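Every number here is computed from the coordinates shown, using simple stated rules; none is lab data. In this text the structure is predicted, and so the values were computed from the model without any measurement. Cβ sites come from the backbone with ideal geometry, for glycine too, and all protein chains shown count toward neighbours.
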Amino acid sequence: MHQPLNEGRAVEKVELLNRDLLQLHSSINHDAAALVAETAIAYTSELAKVYKITGSPRQHNLLVNLGIRQRGLCFHWTDDLLKKMQSLKSAHFDFHSAVAHRDSDLREHSSVVVTFKGAPFASGIVLDGWRYSGDLYWARVKEDSYEWTPRYAKQPTK
């Protein structure tokens, strides 16, 4: 079963994500970064409850694919978190849907990327709720183990 973050750990994670968001650009307002950090961490934990997460991401995927659970695949996490983050209407940040291993049946993965407003996608931070079953993971796009691209970017024709 999903274990919600205790209050102390949640506060620590918000502070760490806030710090990383502020490093995206020197003109980012501290309150704007704090709002994004708080929202991302709290909403990811909330989604784990809504999705009824009971084990690892792959175990939960199996439950969804068998019809036992309705939602909780990585693209559900991405779509729901992206919608929540975009609802903040931030003047400092852009939020993007991202994909790694596009069109790979077993490896395709999606997540949210946050960038400074107008900055290149590759300069952003990945926000991944799926990877640790509702305990938000984040890393710089260039430093993550996945190679991220915009999920809805036009694909070259073959």
request  = May I ask for the net charge around A34, where only other residues with Cβ less than 15 Å from the Cβ of A34 are counted and Lys, Arg are +1 while Asp, Glu are -1?
outcome  = -3
key: Point-to-point label distance, K89-N61, nm (Cα→Cβ direction, 7 Å offset)   = 3.7 nm
task = Taking the Cβ of F121 as the centre, find all other residues whose Cβ is under 11 Å away and add up their charges (Lys, Arg: +1; Asp, Glu: -1).
result = +1
ask   = For the chain, what does -39500 (n - 2.57) per DSSP helix run (n ≥ 4), summed and divided by total residues, give at 222 nm, in deg cm²/dmol to the nearest 500?
value = -12000 deg cm²/dmol
query = Counting other Cβ atoms within 10 Å, which chymotrypsin sites (Phe, Trp or Tyr not before Pro) in segment 81-158 have at most 12 and lie in a DSSP loop?
reply = Y152
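Determine, from the Cβ-Cβ distance of I68 and R102 and an R0 of 35 Å, the FRET efficiency 1/(1 + (r/R0)^6), rounded to the nearest 0.05. Don't skip to the answer; put the middle values down first.
On the way: r = 27 Å, r/R0 = 0.78.
Given R0 = 35 Å and the Cβ-Cβ separation, E is 0.80.
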query = Roughly how many nanometres apart are two label points built 7 Å out from the Cα toward the Cβ at E7 and Y132?
reply = 2.1 nm
key: Most mobile listed residue (S56, S90, S104) in the chain, GNM with C-alpha springs under 10 Å   = S104
note = Computed over the Cα atoms of the chain, the Rg and Dmax in Å are 15.4, 51
Restricting segment 17-117 to GluC sites (Glu not before Pro) in coil, as DSSP defines it, with at most 16 other Cβ within 10 Å = E108
task = Would you kindly derive the ³J(HN,Hα) couplings of segment 39-50 from the backbone phi angles with the Karplus curve 6.51 cos²θ - 1.76 cosθ + 1.60 (θ = phi - 60°), listing them in order in whole Hz, with x for Gly and Pro?
result = 5, 4, 6, 5, 5, 4, 5, 5, 4, 4, 5, 4
